[in-house]
Every structure is written in structure tokens, then in C-alpha cells.
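Structure first, commentary second.
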């Protein structure tokens, strides 16, 4: 008996040392993971859009993922096979500095498409084993794949948990497809929650760093989120990321009210008393590439296929026709861009706007105009002097183009006859898209 006790103690010591080494490795990887550390903003990540399937139906999501002009979770310009993902990785690695993370974040669920997820990670890992690998999931299939996730060497997992009360969950999820059954209402929400929490506990206990995403849906779960944060902390979550709902057309929540940055950060600050909060989430596309605040995925679209990714720009008419387009001889547009090539900035993050002139069917760059940044770190400044300065700077523009804009600045811009259009594309293509949107809005 004494011998067995001695052997067990030695095994425990060895296990403790292995666990400590693994924890140190994950700590080091977290320092270069831009979604887990705000200090890792100079490191790049690459999302591989290989997950085609999803096993739940959320009331804020539709399954139309081919959305070139949008920048939000669940959209991509093309679904890739594992081998196409490997080729894309090789292409990106040669062009993007400080590429530290490869993740599966859609357009469906990484575990609902686990065979593709596993094969893609194995192929890329064989090329570069030093990378950090992560995935995002709704958590329904975690009990089925949690052991394989650990064995695969995935060090970071994001689980979206929007409610820990099945009655509230029933309002968010239309149906849950689990083990061949379609579950709805409270029954479906109970199964989903049970699997989410048990999977979170298992991963956390086995050295996987888990971030929990929570979509803030006004009138549904906004007063429940503090309870979600407390519950997932007890289950082992490393941090939570409270995200505003992005209303999507043709979904039950398409007309739900938006959440302002002030409201969002107020709730994050309250929850930070319990658990570390993420303030720098960009709600990225499933094919995002580059640093969080400088997505470069468009650079690789036209180079892909052989990978040749479709570019929708060819479908946009080059000649702008109709009285709406011709009513003004010249029209100005302001674009929020980091590089002067792509509309790739949140309105509140712009320190300058690129001004373009539309005359007839031509689009020409005019100048850059500097502004005081509207959002700094956690806070957006709703003071009239800052938004007023921006409005004065672009007052002669008909519209401002950005990947995202909050409700407050959007409303104030509109009061000054400046339309705010959310779009993600090369600037000229984005302007043509904006003209089409404005034309449709005016013609019904």
C-alpha cells in the first residue's frame, strides 16, 4: 500500500509539472492572441471559413453567409475546403507579418462541421506547429468533441452563451438540432445550456482557455447578462465578450433596437467586477485576415481560386443611370479607411476620412480630411464638440461609409443630411454599392 501511495505521489508531481508547462505555453500564446489580449493588437489572425453546417437556429442569424459588403460574424466571400484553407494559409503567411493565430469562426459552427475543422487544423499545424489554434462554437456539440479538441491542440475556444435561463434562451433560439432531434422552446434551450456549461467546465479543467461571447439583445437578455457572466465564471471561463446585436435582414430580430457604445461599456464595466471583459472585439467576418483593426481579407479574394474567389464588383454597374444619380453634377462621399484602399474602419475609430467625388460614371479621390477620433479605448465621446467637429469636416458629403457605426453618431449625421452606410469593400466598389442602396431607398 505504501508503495502504491509513493507511486501515486510521483505521478501527481509529474502531472503537476506537465500542467504547469502547458499553462505557461497557453499564457505565452495568449499574449499574441489579439482576441484574448488587448495588448496583442500588432499580431494578426486568420479565420478559415470551412464550417458550412450549423446545429441551432438563432433568431438573430440567417444562413446566408455569402455577403461581400458586410462585416459581421457568420459571413464570408467563399466557403473553403480543408485543402483550400491550407493554400489560403500559405498565401496569407507570405504576405502578413506577425501571423500568430489561425481560427475556425464560421460561417457555421466549428463543431457541427468537425471533420472539416479537424482536417484543416491538422493540415495547417503540419506546416507550422507554433501557431495558436482556436475555434468558435455555440457549444451544443462540446460533449461529443471536447476530448478531441484537447488532443488536437486547440488552446483557445470561444463559446457563445446568451442565456443561462432556459426561458430566456427559448426566446433567442428558434430550434436546436441535437442527435437527430429538432428541439424547440425551453426543451431545446435546456439541452443547449447543459452542453455549453459541461463543455466549458471540461475544457477549462483540461487547460483550454475559454472566452464566452454574449450577444446583448435589448428586451430579451440585457438584464440577464450579469447572471450569465457569474455562471460562466463558475464554470471556468477566462473572460466574457459582451457584443451588441447586429440586426440582420430577414431574421426575427431584424427590427430590434441597437445598443450604443455607452450602454455596452456600462454593462461591461459592471460585469468586470466578476470576470475579465473584452472591450476591443470587432465582430469579425468568418474570413477575416490581419490585425483586429485592419482587416486584409479583401487583398486575398481576387488571388484565391485556383482558390479564385468571386468578386461581386463585376456585378455592380459601372454606369450610374437614372435621375437620382444625375440630379447633382458632383457628389462627395467620405470613407473610413486605414489605407485609402478599403473601407475597413469603424466610424468611431477613424482619425481621417478619404473624400471621393462622383461625377457621372467616374469616381475620383479628392483628399484626406483629419478628424478627432470619436471612440478612444473603451469610450465613445458623445459630446457635441467631437461629433460636431466630424460633421463640420464632412458636411459637404452626401454619405459616410464605414464598416460599423453606432446609433448615436448615425442619428446625428442624418440630422445633418449625411447618410451613414455600413459596407466593407474596396472604396470605389463601396461607393457604387452605397449609390445603389441610396437609389433603392429613394425609389422604394
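The values are calculated or read from the model by the stated rules, or taken from the named source; none is laboratory data. All figures in this text were calculated on a predicted structure; none of them were measured in a lab. For neighbour counting, all protein chains shown are included, and Cβ atoms are generated from backbone atoms with ideal geometry for every residue, glycine included.
Just a few scattered comments:
- The lone exception for residue 190 - which of (1) closer than 30 Å to residue 346 by Cα; (2) buried (at least 16 other Cβ atoms within 10 Å of the Cβ); (3) at pLDDT 95 or above it fails: (1)
- All conditions in (1) more than 29 Å from residue 89 (Cα to Cα); (2) at pLDDT 95 or above hold for residue 142, with the sole exception of (1).
- Restricting attention to the range 254-282 and to residues that are in a loop (DSSP other than H, G, I, E, B) and without any contact (Cβ under 8 Å) to a residue 12 or more places away in the chain, the residue that is farthest from residue 407 (Cα to Cα) turns out to be 273.
- Test: residue 80 is under 19 Å from residue 113 (Cβ atoms), at pLDDT 60 or above, touching a helix residue (DSSP H, G or I) at 6+ places or on another chain (Cβ under 7 Å) and part of a loop (DSSP other than H, G, I, E, B): yes
- Meets criteria (surrounded by 18 or more Cβ atoms within 10 Å (Cβ to Cβ) and either over 22 Å from residue 52 (Cα atoms) or not assigned by TED's automatic domain parsing to the domain that holds residue 28 (or both)) for residue 80: no
- The range 98-122 - residue that is out of contact with any helix residue (DSSP H, G or I) (no Cβ under 8 Å at 6 or more places or on another chain) and not in a loop (DSSP other than H, G, I, E, B) and, of those, farthest from residue 290 (Cα to Cα): 115
- Where residue 258 falls short, out of the listed (1) surrounded by fewer than 15 Cβ atoms within 10 Å (Cβ to Cβ); (2) at pLDDT below 95: (1)
- Residue within the range 151-163 that is closer than 26 Å to residue 58 by Cα, surrounded by fewer than 20 Cβ atoms within 10 Å (Cβ to Cβ) and assigned by TED's automatic domain parsing to the domain that holds residue 209 present: no
- Criterion violated by residue 64 - all others in (1) out of contact with any strand residue (DSSP E or B) (no Cβ under 6 Å at 6 or more places or on another chain); (2) modelled with pLDDT of 60 or more satisfied: (2)
- Leading residue by the ranking (farthest from residue 278 (Cα to Cα)) among those in the range 374-416 that are assigned to a loop (DSSP other than H, G, I, E, B), in contact with a helix residue (DSSP H, G or I) (Cβ under 6 Å, 6 or more places away or on another chain) and at pLDDT below 80: 382
- Within the range 223-242, the residues that satisfy the criterion of being surrounded by fewer than 20 Cβ atoms within 10 Å (Cβ to Cβ) and free of Cβ contacts under 8 Å to residues at least 60 places away in the same chain are 223, 226, 230, 233, 234, 236.
- Yes/no for residue 220 being without any contact (Cβ under 8 Å) to a residue 60 or more places away in the chain, surrounded by 15 or more Cβ atoms within 10 Å (Cβ to Cβ) and in a loop (DSSP other than H, G, I, E, B): yes
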